[in-house]
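Contents: one structure, followed by commentary.
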Amino acid sequence: MLCFQRLDGRQTYDYRSIRISFGADYGCCVVELGKTRVLGQVSCELVSPKLNRATEGILFFNLELSQMAAPAFEPGRQSDLLVKLNRLLERCLRNSKCIDTESLCVVAGEKVWQIRVDLHLLNHDGNIIDAASIAAIVALCHFRRPDVSVQGDEVTLYTPEERDPVPLSIHHMPICVSFAFFQQGTFLLVDPSEREERVMDGLLVIAVNKHREICTIQSSGGIMLLNEQVLRCSKIAGVKVAEITELIQKALENDQKVRKEGGKFGFAESIAKQRITAFRMEKAPVDTSDVEEKAEEVLTAADPPPDVVSKPVLWTPGTAQIGEGVENSWGDLEDSEKEDEDEGGSDEAIILDGVRTDVGMEVSNTGSQEAPIVLSDSEEEETIILEPDKNPKKIRTQTISAKQEKAPSTTPVKKRRKKRTAN
């Protein structure tokens, strides 16, 4: 502040950048004052006039502050700030007679046009009234109402395809300029931001047109201003309004030119095309003039391919083998399969003294009756040692292999034989 440098880098009397974009329909626009964004939409309707003004149309302004713009705004409730802004807009635009309301009369005392201006605050970053006044006047200048004709008591309303819409009759364009005061009017800033509005002591709003005609003045904050300060602010406002008015006229001319030429218009075309999800790669220049010469040099420097031609080998009629390879081993059995077949062929049952055993079991007998008999099964890991009595012929030992345990039909038969033997 003391070094005449603001938080966003602006000087004391600097305005933030203004950007105006129009929608696809007439009367729709978006005004960006820095990061403050306001959407303006104008609509019209044939209604009955007021009793005291039977030959004048009706102008209605409505500003909405949603939570989308700032969390501090409460939905569905009119705050003191909203009421103050709506009244200031009405004094700036309607009471200044910037629009010819008599041209909105269709049938005196019966039918007049009601022009409704809806303003929606999309983002709040300070100085709402300036952005709202610019959006309102731009939307009114851009709006086109349908053409009508009166024959007797009948009023005919024409569509845009039948007749071209008619623009509104606008005398001048009043625009609000805000001034923020600090330390009881010692310091002055133009176009305060949201942070500057929090700490300011007072606010002065002056509505001026390009002819430097003051339309309205409003001071808030309870500070006392001198005459010199008010005159100084009015001169600054006249300069700023002239620049803004020129910007608005250029934007309107460009939009009208694009629509006549049949070009693309609307909010989608006004958005800057920035692909934030794509990588930007720098283009490297490639010289393709001597590609063939370089290709021939590479081929001559490379080793020549071998002149060896493999002879096909005919194994069976209808098949052939080219190149090196091995014989087909699909028809040969593996070693494990051969061993399984050998074991399966010699798997015969042997009965010793009425006992049925497999070949896979080894019976070791030293020849004496006192030596134990060792039975080992190759399929099972258990080893059973039997010590027979003096008369081994009377004892019958039975060992069931893994294959016989799975068969439930043979097991009870063997148990019965064992019981009979014991008897």
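The values are calculated or read from the model by the stated rules, or taken from the named source; none is laboratory data. In this text the structure is predicted, and so the values were computed from the model without any measurement. Don't worry about glycine lacking a Cβ; one is built from the backbone with ideal geometry, like all the others, and counts go over all protein chains shown. With ligands, DNA and RNA removed, areas are computed over all heavy atoms of the protein, side chains included. Shrake-Rupley method; radii C 1.70, N 1.55, O 1.52, S 1.80 Å.
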Q.
Rounded to the nearest percent, how much of the accessible area of the range 130-238 (1.4 Å probe, protein heavy atoms only) is carbon and sulfur?
A. 48
Q: May I ask you to derive the FRET efficiency for THR12 and GLN78 from their Cβ-Cβ distance with R0 = 35 Å, giving the value to the nearest 0.05?
A: 0.55
Q) Given the pairs LYS84/LYS250; LYS111/LYS257; LYS84/LYS210; LYS35/LYS240; LYS50/LYS84, which span a C-alpha to C-alpha distance of over 23 angstrom in this model? A) LYS84/LYS250; LYS111/LYS257; LYS84/LYS210; LYS50/LYS84
Q) Could you give the length gained on full extension between ASP147 and ARG87, defined as 0.36 nm per residue of separation minus the Cα-Cα distance, in nm? A) 18.5 nm
(Q) Quick check for you: with a 1.4 Å probe and neighbouring chains kept, what is the accessible area per residue of the range 18-267, in Å²? (A) 51
Q) Taking 1 over the mean of 1/r across every pair of different Cα atoms in the range 9-88, what Kirkwood radius in Å do you get? A) 16.0
**Q.** Descending semi-axes in whole angstrom, ellipsoid equivalent of the range 1-137, from the Cα gyration tensor
**A.** 33, 16, 15
Q: Using a 10 Å cut-off on Cβ atoms, rank the peptides 112-125, 216-229 from the highest mean neighbour count down.
A: 112-125, 216-229
(Q) Can you give the local net charge around LEU299? Use residues other than it whose beta-carbon is closer than 14 angstrom to its beta-carbon, Lys and Arg +1, Asp and Glu -1. (A) -4
Q.
Starting from a Cα-only point model with no solvent, please compute log10 I(q)/I(0) by Debye for the range 18-267 at q = 0.07, 0.11, 0.17 1/Å.
A. -0.26, -0.63, -1.32
Q: State the extension gain, in nm to one decimal, for the chain segment bounded by ARG195 and SER66, taking 0.36 nm per residue of separation less the distance between their alpha-carbons.
A: 44.5 nm
Q. Considering only protein heavy atoms and a 1.4 Å probe, what is the carbon-and-sulfur percentage of the accessible area of the range 43-98?
A. 50
Q | Added length on full extension, which subtracts the Cα-Cα distance from 0.36 nm per residue, ALA295 to GLN5 | A | 98.0 nm
